[in-house]
Every structure is written in structure tokens, then in C-alpha cells.
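Encoded as C-alpha cells, the structure appears first; notes follow it.
Derivation of every value follows stated rules applied to the coordinates shown; laboratory data play no part. Remember, predicted model here, so these are calculated numbers, not experimental data. A quick note on method: Cβ atoms are made from the backbone with ideal geometry, for glycine too, and the neighbour counts reach across all protein chains shown.
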């Protein structure tokens, strides 16, 4: 892991650094050794345009960013491994936790919602219609018992390759 | 209890390895007796209406419908495969 400040980070204004510090304590915990890995990934999450070294167009207003750049907990893979329990608790409370890998955001921890594991009305309707179509087309099979089903559909044992 | 299957289910069942088939078979054998016994840890979960899913192994699920005299086995796959199936029908 590199331990030099990235050129983009060095070019940030005091306000930008303050703003970043409020959003990502890890990023600002040691400004002199902010890794390009962390910065690049954070930059990727945020709007790149805001942090271009050539056009730092930020205004001294927090309102500008509310809604534009969501507040996220950002961790590298090794940090996440060390703090997984804490991060999961944060995610359960509704915080968005992003884990980066090779300098790019890779996965997001999110709360599992009940609707992720149930069916919507539309899915039930389509499933009903699909079942009717399958039955009408003769694409269903009837068995007298579960054992009969398992007997008739047992996968063939693969022949050992010679 | 009678059992009815869709071709998609049969295909998925035949495509399993023998080890995976044994896990699925074990879940299926317990299925007819699982209803009405909520504390039997059968892995059966109601999705909506008469549509249920039963866990068969760590990530494999069997989606089925309970009808009056039979179980209609609709689909076998992991969470993502079931989501994809529901999207494409």
C-alpha cells in the first residue's frame, strides 16, 4: 500500500478537507499519509468532478452536497476484516458501509429487508399465470409420492473419465 | 400427498451432483409432514399466499405451492436464481 498523499488530495482546499474529514474520519485520520488507495476509492464514490485538481468548484455550503454525495462509511478490505462486527452493526442502524478492494468500491453492506425474501403481488400474479401455462402445455409431471419423484429424477452417476 | 413438478424443477434436480441431490432429497422427504408443525425446524418459509420455500442446504431453496391435495414444486435454485426466474417468467 502506498503511503504518499495523492496529488488530488494535496490540491484540495481547506474546506474540502474539512468536509471530507466530517464524512470520512478514516480518510483524514492521518492526512500526511492518506493512501492513494483510500483516496482513489473515495473519489470514485463521490462525484469525481467535485474533486478534479484542475477545477475545484466547491462552495462553502454543506447544502450543496446534501443528497448529492451520500454519507458513507468507507473501509478498505483489510480495515473491514478487522472491524466487521462494528460495520455490520452500523449497517443494521441504516448507515451505508462501502468496502473497497484494489482501490475501487467493491461491495456495500446493507440491511436485509423482509421484502427481499418475499414475493410481490406482481410476482405472485406472474407465477400463477406461468403455472397455468405450464400445465396447459403439459410441462408438469405428477408423482404419487415424494419417493417416486426422487427415484425418477435421480441424477445419473457420472462415468469416471479415462 | 401427491407431488407435481414443473419441467424447470425436474431439470434442476437432475443437474445436481449426487451429494447435493441427497441434501435436496432429504429436505423434500420431510416436506409433506412439515405443515402444521411450526417448531419442527423444517426450513419451510411462507413467501406469499400459498407459495412457500424450503431450505435445502446452505444456499439452495425449493419454491413450491401448496394446493389442496398436492404440492406443486416450482423451482429449485439459490436466492439469485429464484429472483432471476421470477423476473423472467
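Structure notes:
- Residue identified as surrounded by 16 or more Cβ atoms within 10 Å (Cβ to Cβ) and within 9 Å of another protein chain (Cβ to nearest Cβ) among B:16, B:76: B:16
- Any hit, region B:37-50, residues being in contact with a strand residue (DSSP E or B) (Cβ under 8 Å, 6 or more places away or on another chain), surrounded by 13 or more Cβ atoms within 10 Å (Cβ to Cβ) and touching a residue at least 24 places away in the same chain (Cβ under 8 Å): no
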